[in-house]
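K.L.:
Before anything else, here's the structure in question.
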Amino acid sequence: MLKVRHSLAIVALLTASISCAQAADAITVVGWGGNWDKAYKEGVWDKYTEQTGIKIVQEEWGGELAKIRAQVQSGSITWDLVSPEAPSVEIGCAEGLFVPLTPEITGDPTKYHPGTIMECGVASDTWATILAYNADAIPGEGPKTWADYFDVEKFPGKRGMLSQAQYTLENAMMADGVAPADVYTELRKPGGVDRAFAKLDTIKPHVVWWSSSTQAMQNLASGEVVMTDQYNARITNDIVNEKKNYKIVWEAGFFYGTDMWSVVKGSPNEKAALDLLKWFSVPENQAGFSKLYAYGTGRVEAAEYVPAEWLKNLPTSPEHAKYGATYDTQFWVENKEALEARFKAWLAQ
Amino acid sequence: MSSDGARAGQRVRRQNLLMAAMVAPLVLFIVFIFLWPVARFLWLAVDNSDMTGNLSRTFAAIGEWRPADGPPPEPVLAALVEDLAEARANGRDGVLAQLVNQRLVGTRYLVIRTAKDASEGKFDMRPVSEVLLAAHPGWNDPALWSEIIRASGTVTDYYLLGSLDLQRSADGGIERVPADRAVFLDALLRTVWISIVVTVICAVLAIPLAQAIVSAPPSWSRLIFALVLFPLWTSLLVRTVIWIIVLQKNGPVNAALVFTGLVPEPLTLIYTRFSLYIAMVQVLLPLMVLSLVSVMRRVPTSYMKAALSLGAPWITAWRRVQLPLIMPGILAGAAIVFVFALGYYITPMLVGGPGDQMISSYIAFYTNTTLNWGLAAALSVQLLLILLLAALLFWTARALTRRRGALA
C-alpha cells in the first residue's frame, strides 16, 4: 500500500516537472474520465492539436470544486480548463475561481441552447437524466410516464434511483403530475418540497439506491431493478455496444443538465485555454464530441454536423427536446445543501 | 577524574545533538506537512472571519438595533451597501453570499445582486433604505437580520453546534434542529457502531486464521498468508463490484441458497448492512491478521502444551494462557482496524443501504460539493475526538493487560 503511494508520489512529481517543462505548448484539460474523455480526445482535442500543434494533456476528476479552490488558494494551479457542473460554475464564478468569458470567446450567446452558456462557462456537454427500463424484464407495454415508474402494482419490480435530492425531487414531482417546465415553480411554493418527499415516501421500499452509474447499470443488467433513472448516454452506450434490450422513455419527461468548460483563473496557460475555448465555440468543432457520445452541445447549429441517425440519441435533438426542461441552477445553488441534508435524513429513516 | 566526567558529559551532549539532528527532519516534516494543515483546516470549524471581515461596518452600525424594533434603520442599510460594494471589489461577495445562504436558505442571489448593484453605485442617493428596499425587498425580512446578528463575532459555534444537530434559538439558547434536518448525530453513532462491529468480526475471524498461519508448515503458511493479503492488492472498485455481482438477487449466492432449498426465494443481500460488513471485513481482516501473526510467532507453543499436560481443558488453557499472551496483538490489530473503519465512506456508498452511510461521506460532501468547509471541519473535529478517545481506550487496555501479565 505504502509502496504504491510512494511510487504514485514519484510519478506525480515527475509529471509535475514534465508539465512544467511543457507549460508553453500543452494545455491541461480536466474532464469526467472514461468514455467521456475518450470521446473528447478523439472527437475534439486531437483535431485541435492537429490544427495548431498545441498538445492537450487530459486529466480526470469528479467535479469537486474544492480541488480548484485549493489550487487557487495555494497559488499552485496545475489545471487550465476544467469541466464542472453548471451549479459549481455558478459558485466558483462568484468566488473568483474562473475567468469570465466574453462574447469574443464564446460567440453569440443567443446561438446557444438555454442554460448552456454562463458568465464563466460554455457547455462541454448537455446530458439528460431519463427514465429507462429493461424490456427483457418488462415485456409488452412498458412504462410511459414517471407516474408509471412510481406504480409498483402496474409494473412490479424494484426501481433504481440516484441517492441524492437533486434530480430525484424533480422526478417525484413529474410523477405527481407536474409538467417538467413547472417543476421548479411548484418546488419553490411553500410545501412544494414536502410534496416531492411525500411522493417519494410512496415508493421508498421499492427503491435500490445508486451512487455511481456503473452500479446502476449493473443493477439494470442483472435484473436487480427493472427500471432506473440514468444519464442517457450510459443507456445508449449499452444499447449500441452491448446490444442490450433497454428502452429510454423520453416522452415521460426529463431534465437536462450541463457540464461547462471553465478556465481556472490564474492558470499558467490561461490565455492558451481561452484560445482553445474560442476554437471550441465553433459549432463544427463542438459537434466532434456529440458524434461519439450521446450528449448534446451548447451551440444549436452543432446538431447540423451530427448524423441524423445518431442525433436521435441526443437529449437536445428536436424530437426529444420538447419533453425536457433544464435543471434550475439557481434553485440548486441556493437549496442544495439544505435539501441534500434533508434527503439524507429521509433516506436513513 | 573530573576531566573524564567532563568528557563523558561532552560525549552525551554530542550524542543528544546528533539524535536531535536525526529526528529533526521528521519532526519538521510532520509539523509542516501534517499537523499544521490539519490544524488550519480544523480552525475553519470556528472561524467566522469571512462573515465579520466582510460585514464589519454593518455589524458596527447594527449595535443595539434588533429586528423586533422595526425595519432596518438607515445607517445599517447604508453600511451594508458599503460593505457589499467593497466585498464585490475584493471578489469576496460570492463567499459572503454562500455564508448568508447557509444560515437562511434562499438568500444567495439577494446578496450577490445587491452587491453588484452596490458596486455599480445604484444606491448612492440618500436615503439608501428607500432605493435598496424597493429594489431588493428581501432585506426587509426580519429572519434574515436575526441570522446576520447571530453571525457576529470573530469565532462562531455555528458549525460545531450544527455538526451535533443543534442550533441557536431566537433567544440565543441552544436547541435541537427540526427532526427532518437532524442527520449528523445518527450518522456519527452509526459510524462508531459499524466500526466496532467490523473490529469485533475481524478479531473473531483473525484469531484462528493467524493461529493456522503460525502453526502450519512454512509452505502452507505462506499460501494462507498470500490469500489473506489478496484483498489488499485488489482495487477498491473491482472488489466492490465483485461483491455486488456475487450478492445480487440473481447472483451465485442467492442461486445456491434457492437451489438447495434453504430459502424459498432470493434474499436481499446486497445494499444492506450485511453486505457492508462483509465488504469492510474483507479489506480490514488482513490488518488484524498481520498484527496477530507477528505477536503469535513470539509465543512459544510449549506454554499451551504445558497447560494441557497439566490437565486443563483446551478451552481453559486457551483462555487463561494463550489469550493473555496474544492480547497485545489483538489490541494493536483492533486499534488499526477500528481507526481505518471510522474513515470509510466509498464502500458504504457502493455496497451499503440507504441507512448505512458513514460520517466521512458527509465530510466529503461538504468539502467537495458545497464548499462548506466550516461544517466539514466541525465534523472532522468529531471524528478526531472519537479517534483520540479510542486511542486512550486502547492505551489503557494495553496498560491493564501488561500489568495483569506482570502480576501473573
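Every number here is computed from the coordinates shown, using simple stated rules; none is lab data. None of these values were measured; they are calculated from a predicted model. A quick note on method: Cβ atoms are made from the backbone with ideal geometry, for glycine too, and the neighbour counts reach across all protein chains shown.
K.L.:
Viscosity 1.306 mPa s, temperature 10 °C: Stokes-Einstein D of the stretch B:248-293 from its Kirkwood Cα radius, in µm² per second?
P.N.:
Values: Rh = 12.2 Å.
D = 130 µm²/s.
K.L.:
How would you rank A:D125, A:D259, A:D201, B:D171, going from fewest to most other Cβ atoms within 10 Å of each one's own Cβ?
P.N.:
Working: A:D125 29, A:D259 24, A:D201 12, B:D171 6.
Placing the least packed residue first, the sequence is B:D171, A:D201, A:D259, A:D125.
K.L.:
Among B:Q382, B:Q357, B:Q211, determine the one that fluctuates most according to a GNM of chain B built with springs between C-alpha atoms less than 10 Å apart.
P.N.:
Comparing B:Q382, B:Q357, B:Q211 in a Gaussian network model of chain B, the most mobile one is B:Q211.
K.L.:
While we're here: How many percent of DSSP beta bridges within the stretch A:94-230 run antiparallel, rounded to 5?
P.N.:
For the stretch A:94-230, the DSSP antiparallel bridge percentage is about 50.
K.L.:
If you don't mind, another one. Just want to confirm a number: the relative contact order over the stretch B:184-407, from Cα pairs under 8 angstrom separated by 6+ residues, in percent.
P.N.:
On the way: 228 pairs, mean separation 59.5, N = 224.
Averaging sequence separation for qualifying contacts and normalising by length gives 27 percent for the stretch B:184-407.
K.L.:
Taking every DSSP beta bridge that has both residues in the protein assembly as shown, what percent is antiparallel when rounded to the nearest 5?
P.N.:
60
K.L.:
Mind counting lysine pairs for me in the stretch A:88-237? Cα separation below 23 Å, and the two need to be 8 or more apart along the chain or on different chains.
P.N.:
Lysine pairs satisfying the spacing and distance rule in the stretch A:88-237 number 9.
K.L.:
Please list the helices of chain B that count as membrane-span-like by this rule: a mean Kyte-Doolittle hydropathy of at least 1.6 together with Cα atoms stretching 18 Å or more along the helix axis, each helix being a complete DSSP H run. Intermediate results must be reported in sequence, preceding the final value.
P.N.:
Numbers: long enough: B:2-29 (41 Å, 0.26); B:74-89 (23 Å, 0.54); B:184-215 (46 Å, 2.00); B:218-233 (22 Å, 1.26); B:273-296 (32 Å, 1.89); B:323-342 (27 Å, 2.39); B:373-407 (50 Å, 1.29).
The qualifying helices are B:184-215, B:273-296, B:323-342.
K.L.:
Projecting each Cα onto the charge dipole of the protein assembly as shown (Lys/Arg +1, Asp/Glu -1 at the beta carbon, about the Cα centre), which of A:L311, A:P87, B:P137 comes out farthest on the positive side?
P.N.:
So the residue we want is A:P87.
K.L.:
Could I ask something else about it? Quick one: Karplus J couplings for the stretch A:58-67, per residue in order, coefficients 6.51, -1.76, 1.60, θ = phi - 60°, nearest Hz, x for Gly and Pro?
P.N.:
Result, ordered by residue: 9, 10, 10, 8, x, x, 6, 4, 4, 5 Hz.
K.L.:
Here's something else I'd like to know. Once you have a ≥ b ≥ c as the square roots of the Cα gyration tensor eigenvalues for the stretch B:49-156, tell me rounded if a/c is under 1.5, and otherwise prolate or oblate according to whether a/b is larger than b/c.
P.N.:
Because its axes are fairly even, with a/c under 1.5, the stretch B:49-156 counts as rounded.
K.L.:
Of B:I149, B:M327, B:P313, which is farthest on the positive side of the dipole of chain B, counting Cα position, with +1 on Lys and Arg Cβ, -1 on Asp and Glu Cβ, and the Cα centre as origin?
P.N.:
B:P313
K.L.:
What's the exposure ranking of B:Y158, B:Y345, going from fewest to most Cβ atoms within 10 Å? Let's see the in-between values first.
P.N.:
Details: B:Y158 25, B:Y345 18.
By the 10 Å Cβ count, ascending, the order reads B:Y345, B:Y158.
K.L.:
Follow-up question, since we're still on this one. Using the Kirkwood radius over Cα pairs, work out the Stokes-Einstein diffusion coefficient for chain A at 20 °C and 1.002 mPa s, in µm²/s as a whole number. Working shown, then result.
P.N.:
On the way: Rh = 21.3 Å.
Calculated translational D: 100 µm²/s.
K.L.:
Also: Once phi is turned into ³J(HN,Hα) by the Karplus curve 6.51 cos²θ - 1.76 cosθ + 1.60 with θ = phi - 60°, what whole-Hz value does each residue of the stretch A:95-107 show in order, with x for glycine and proline?
P.N.:
With the stated coefficients, the stretch A:95-107 comes to 8, x, 8, 10, 7, x, 9, 9, x, 4, 7, 8, x Hz.
K.L.:
Specify the inter-centroid distance of the stretch A:53-131 and the stretch B:198-276, based on alpha-carbon positions, in whole Å.
P.N.:
After rounding, the separation between the Cα centres reads 43 Å.
K.L.:
Run through all the Cα pairs of the stretch B:212-291 and give the fraction in each 5 Å bin from 0, expressed as whole percent.
P.N.:
3, 14, 18, 17, 15, 14, 12, 6, 1
K.L.:
Further question on the same structure: What three numbers, in Å, describe the spread of the alpha carbons of the stretch A:244-286 along their principal axes, ordered from the longest?
P.N.:
47, 23, 21 Å, listed from the longest principal axis down.
K.L.:
Using Cα pairs closer than 8 Å and at least 6 residues apart in sequence, work out the relative contact order for chain A, in percent.
P.N.:
Working: 566 pairs, mean separation 90.8, N = 349.
Relative contact order for chain A comes out at 26 percent.
K.L.:
Further question on the same structure: For the protein assembly as shown, compute Rh as the Kirkwood radius over C-alpha pairs and then the Stokes-Einstein diffusion coefficient at 10 °C and 1.306 mPa s; write the answer in µm²/s, rounded to an integer.
P.N.:
53
K.L.:
Further question: Taking only Cα atoms, what is the 0 to 90° angle, nearest 10, from helix A:329-348's long axis to the longest principal axis of chain A?
P.N.:
For helix A:329-348, the angle is close to 50 degrees.
K.L.:
Follow-up question, since we're still on this one. Over every pair of different alpha-carbon atoms in the stretch A:97-224, take the mean of 1/r and invert it; report that Kirkwood radius in Å. Don't skip to the end; give the middle numbers.
P.N.:
Working: mean 1/r = 0.0584 Å⁻¹.
Roughly 17.1 Å, rounded to one decimal.
K.L.:
Let me check against my output: what whole-number percent is the relative contact order of the stretch A:208-349, with C-alpha pairs under 8 Å and at least 6 apart?
P.N.:
Details: 105 pairs, mean separation 30.6, N = 142.
Answer for the stretch A:208-349 is 22 percent.
K.L.:
Enumerate the lysines that A:K265 could reach by cross-link, defined here as Cα to Cα under 24 Å, with residues fewer than 8 away along the same chain left out.
P.N.:
A:K41, A:K55, A:K67, A:K278, B:K116
K.L.:
Assuming R0 = 41 Å, what is the FRET efficiency of B:D4 and B:L392, from their Cβ-Cβ distance, to the nearest 0.05? Don't jump to the answer; show the numbers that get you there.
P.N.:
Values: r = 46 Å, r/R0 = 1.11.
Working from the Cβ atoms, E equals 0.35.
K.L.:
Sticking with this one: Could you work out the equivalent-ellipsoid semi-axes for the stretch B:184-407, taking the square root of 5 times each eigenvalue of the Cα gyration tensor, largest first, in whole Å? The partial results should precede the final answer.
P.N.:
Numbers: eigenvalues 235, 136, 45 Å².
Rounded to whole Å, the semi-axes are 34, 26, 15.
K.L.:
Here's something else I'd like to know. Quick one: dipole size for the stretch B:1-57, taken about the Cα centre, charges +1 on Lys/Arg Cβ and -1 on Asp/Glu Cβ, in debye to the nearest 20.
P.N.:
On the way: 6 positive and 3 negative charges, 68 e Å.
Rounded to the nearest 20 debye, it is 320 debye.
K.L.:
Skipping prolines and chain starts, which residues have an amide H placed within reach, meaning under 5 Å, of the one on A:V208, given they are 5 or more residues away or on another chain?
P.N.:
A:R159, A:G160, A:M161
K.L.:
Once you sort the root eigenvalues of the Cα gyration tensor of the stretch A:28-145 as a ≥ b ≥ c, which label holds: rounded (a/c under 1.5), prolate (a/b larger than b/c) or oblate (the other case)? Let's see the in-between values first.
P.N.:
Numbers: a/c = 1.78, a/b = 1.63, b/c = 1.09.
Here the stretch A:28-145 falls in the prolate category.
K.L.:
While we're looking at this one, here's another question. Measuring from the lowest to the highest alpha carbon on each principal axis, how far does the stretch B:1-41 reach, largest first, in angstroms?
P.N.:
Taking max minus min along each principal axis of the Cα atoms, the stretch B:1-41 gives 56, 14, 5 Å.
K.L.:
Say the dipole of the protein assembly as shown comes from +1 at the beta carbon of Lys and Arg and -1 at that of Asp and Glu; which of A:P268, B:I33, A:T202 then lies farthest toward its positive end?
P.N.:
After comparing all options, I get B:I33.
K.L.:
For A:E59, enumerate residues with amide H under 5 Å from its amide H, sequence gap 5+ or separate chain, H modeled in the peptide plane.
P.N.:
Counting only residues 5 or more places away or on other chains, the set is A:V29, A:V30, A:G31.
K.L.:
Order of B:L227, A:L65 from fewest to most other C-beta atoms within 10 Å?
P.N.:
Values: B:L227 12, A:L65 23.
So the residues, fewest neighbours to most, are B:L227, A:L65.
K.L.:
Could you list which residues have their amide H under 5 Å from that of A:I117, counting only those 5 or more apart in sequence or on another chain, with H placed in the peptide plane?
P.N.:
Here nothing satisfies the definition.
K.L.:
Among the aspartates and glutamates, which have Cα under 16 Å from the Cα of A:K312 when same-chain residues fewer than 8 positions away are ignored?
P.N.:
Filter leaves A:D125, A:D238, A:E251, A:E301, A:E304.
K.L.:
Now, a different point. Compute the angle between helix A:165-175 and the longest alpha-carbon principal axis of chain A, please, reported from 0 to 90 degrees and rounded to the nearest 10.
P.N.:
Result, in degrees: 40.
K.L.:
When the helices in the protein assembly as shown are scored as -39500 (n - 2.57) per DSSP H run of 4 or longer and the sum is shared across all residues, what 222 nm value do you end up with, to the nearest 500 deg cm²/dmol?
P.N.:
-18000 deg cm²/dmol
K.L.:
Follow-up. Can you compute the charge dipole magnitude of the protein assembly as shown about its Cα centre, using +1 on each Lys and Arg Cβ and -1 on each Asp and Glu Cβ, nothing else charged? Give it in debye, rounded to the nearest 20. Could you put the intermediate results ahead of the total?
P.N.:
On the way: 65 positive and 68 negative charges, 930 e Å.
Dipole size: approximately 4460 debye.
K.L.:
Let me ask something additional. About the Cα centre of the stretch B:135-223, what is the dipole size in debye to 20, counting +1 per Lys and Arg Cβ and -1 per Asp and Glu Cβ, all else neutral? Before the final figure, lay out the partial values.
P.N.:
Working: 6 positive and 8 negative charges, 111 e Å.
For this selection, approximately 540 debye.
K.L.:
Give me the inter-chain shielding for A:91-97: mean count of other chain Cβ atoms within 10 Å, whole number please. Provide the component values of the computation, followed by the final result.
P.N.:
Working: counts 8, 2, 1, 14, 8, 6, 3.
Across A:91-97, the average partner-chain Cβ count within 10 Å equals 6.
K.L.:
Residue by residue, what Karplus-based ³J(HN,Hα) values in Hz, rounded to whole numbers, does the stretch B:360-365 have, using 6.51, -1.76 and 1.60 with θ = phi - 60° and x for Gly and Pro?
P.N.:
5, 5, 6, 4, 5, 4
K.L.:
More than 26 Å apart: what percent of Cα pairs in chain B qualify?
P.N.:
Working: 57955 of 83028 pairs.
It works out to 70 percent of all Cα pairs.
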